[in-house]
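Inspection log for the structure reproduced underneath, given as structure tokens.
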Amino acid sequence: MLYTLEKRGYVTRRPGRKKYMRTPMRTHYRIGYAALDNSVMFSDTISRAIVVAARNAGIGLIMKDNGLNPQKALTNVDLLLQEKVQLLIIYQRDEVVAHLIAAKCHEAKVPLIALNFAHPGAYYFGGNNYLAGQ
């Protein structure tokens with residue numbers, strides 16, 4: 001019976017053991033996240049927080065690293081949209097490609113959240129300089 005349950009994805013065998021555990025629920029909602037550059041401490045901190053929040057909420061997360069490169073950010077957006085994400089979070093700072101990214105998401109009917117740098121038509125999540133430090 002366990003063999004059948006494992007083949008159908010209901011249980012998984014614990015690595016190196018003969019015991020099985022229930023397979024985690026399959027996530028139905030998928031978010032794409034393209035980080036500014038995970039070698040930058042602040043960007044890495046944001047990325048880790050997004051991973052934890054997605055895991056805690058049972059949401060599928062596909063991550064890409066833009067490497068501070070606008071062309072790579074455009075490529076990452078294309079890859080994430082091909083993955084059929086239902087929401088895309090972008091953290092990139094080049095205003096030249098911002099409108100291209102926004103247009104791609106608009107065409108795919110995928111909502112866009114822009115972190116720290118505004119993108120046309122995107123929901124913006126960033127610092128409020130007036131309230132900073134309070």
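The values are calculated or read from the model by the stated rules, or taken from the named source; none is laboratory data. Keep in mind the model is a prediction, meaning the values are calculated, not measured. Cβ sites come from the backbone with ideal geometry, for glycine too, and all protein chains shown count toward neighbours. Heads up: the accessible areas ignore ligands, DNA and RNA and are worked out on the full protein's heavy atoms, side chains in. Shrake-Rupley method; radii C 1.70, N 1.55, O 1.52, S 1.80 Å.
Computed over the alpha-carbon pairs of region 48-96, the distance histogram in 10 Å steps reads 24, 50, 24, 2 percent, short to long.
Ranking of ARG22, ARG13 by solvent-accessible surface, largest first: ARG22, ARG13 (1.4 Å probe, protein heavy atoms only, all chains present).
Using only Cα atoms, tell me the angle between helix 70-82 and the longest principal axis of the chain; keep it within 0 to 90° and round to the nearest 10. The answer is roughly 40 degrees.
Label zone of ARG55 (point 7 Å out along Cα→Cβ, amide N under 15 Å): in region 61-103 this covers 61-63. Note on the chain: Lys pairs 8 or more places apart or on different chains, Cα atoms under 19 Å apart, count 9. Helix 95-108 and the long axis of the chain differ in direction by around 50°, with both axes built from C-alpha atoms. Most mobile of ALA34, ALA114, ALA53 per a Gaussian network model of the chain (Cα springs, under 10 Å)? Fluctuation is largest for ALA53. In this rough spin-label picture, where each label sits 7 Å from Cα along the Cβ direction, the GLU107-LYS18 distance is 5.7 nm.
With +1 on each Lys and Arg Cβ and -1 on each Asp and Glu Cβ, how big is the dipole of the chain about its Cα centre, in debye rounded to the nearest 20?
Its charge dipole is roughly 1260 debye.
Considering the options TYR10, CYS105, PRO120, tell which one lies farthest towards the positive end of the dipole of the chain, charges being +1 on Lys and Arg and -1 on Asp and Glu at the Cβ, about the Cα centre. Of the listed residues, the answer is TYR10. For Cα extents along the principal axes in Å, several values are listed as (1) 60, 33, 24; (2) 48, 32, 29; (3) 59, 38, 23; flag the one computed from this structure. Step by step, Cα extents along the principal axes in Å for this structure corresponds to label (3). Of all the options TYR91, TYR20, TYR123, the one that moves most in a Gaussian network model of the chain with Cα springs shorter than 10 angstrom is TYR20. Among MET41, MET21, MET63, the largest mean-square fluctuation in a Gaussian network model of the chain, built with springs joining Cα atoms closer than 10 Å, belongs to MET21.
The sum of -39500 (n - 2.57) across all DSSP H runs of n ≥ 4, divided by the residue count of the chain, sets its helix-only mean residue ellipticity at 222 nm to -11500 deg cm²/dmol. Rolling a 1.4 Å probe across all protein chains gives THR23 an accessible area of roughly 40 Å².
For the chain, what % of the accessible area comes from carbon and sulfur atoms, probe 1.4 Å?
The computed percentage sits at 57.
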